[in-house]
1. Please report, in whole Å, how far the alpha carbons of segment 120-186 spread along each principal axis, starting with the longest.
2. Limiting things to C-alpha atoms, what are the Rg and the maximum Cα-Cα separation (Dmax) for segment 4-59, in angstroms?
3. Let's test the formula: R0 of 25 Å, r as the Cβ-Cβ distance of residue 118 and residue 39. What FRET efficiency results, to the nearest 0.05?
4. Can you tell me the order of 75-86, 169-180 when each peptide is scored by its average per-residue count of other Cβ atoms within 10 angstrom, highest first?
5. For residue 132 and residue 91, FRET efficiency with R0 = 30 Å and r from the beta-carbon atoms, rounded to 0.05?
6. Relative to the longest principal axis of the chain, what angle (0 to 90°, nearest 10) does the C-alpha long axis of helix 107-137 take?
7. Using the alpha-carbon atoms, what tilt in degrees (0 to 90, nearest 10) does helix 3-17 show relative to the longest principal axis of the chain?
8. Can you give me the C-alpha center-to-center distance between segment 68-87 and segment 160-186, rounded to a whole angstrom?
């Protein structure tokens, strides 16, 4: 097993351990590892992988792990990253299920769940704001020196949000339409 494949497995095993809150909540942690800590991908490559992962069937974390692993080490990397991302989460979920089933009537346990729920919302909001910033201004933070507003992305985002909220259009239809618009705009 190559060193890169083993590192992918270990990194995604760690990510799986802390994947409280689900797919969108874990996006910042994956970004921290694969973009910042190990420099395996650029922020743009990572954003592209997240976009593709959202459009393909299956859990976001598993799809992202598979794409990152495939990009870095081919099929063995995809298998290692995917297995790492699901193993720890599976064992952790089983243990937590048994714990919370046994102690569900204790107030402090219910309060822990409320705290975890609140932190999950914060993680999801962080992931959403990071993706929006990358698309709209081309960076993952609001650095005034590198600020270039992508008007086309702002218009597509606004129109998509309007169509989804006001007219309740099918999200797949909106994705297809914005993909076609992106083909002509970019």
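1. 36, 34, 16
2. 11.2, 28
3. Computed FRET efficiency for residue 118 and residue 39 comes out at 0.20.
4. Per-residue Cβ counts within 10 Å, averaged per peptide and sorted highest first, yield 75-86, 169-180.
5. Between residue 91 and residue 132 the formula returns 0.30.
6. Result, in degrees: 30.
7. 80 degrees
8. So the two Cα centres are separated by 31 Å.
Where a number appears in this text, it was derived from the coordinates with a stated rule and is not lab data. Quick caveat: nothing in here was measured; it's all calculated off a predicted structure. Heads up, the Cβs are rebuilt from the backbone with ideal geometry, glycines too, and the neighbour counts pull from every protein chain shown.
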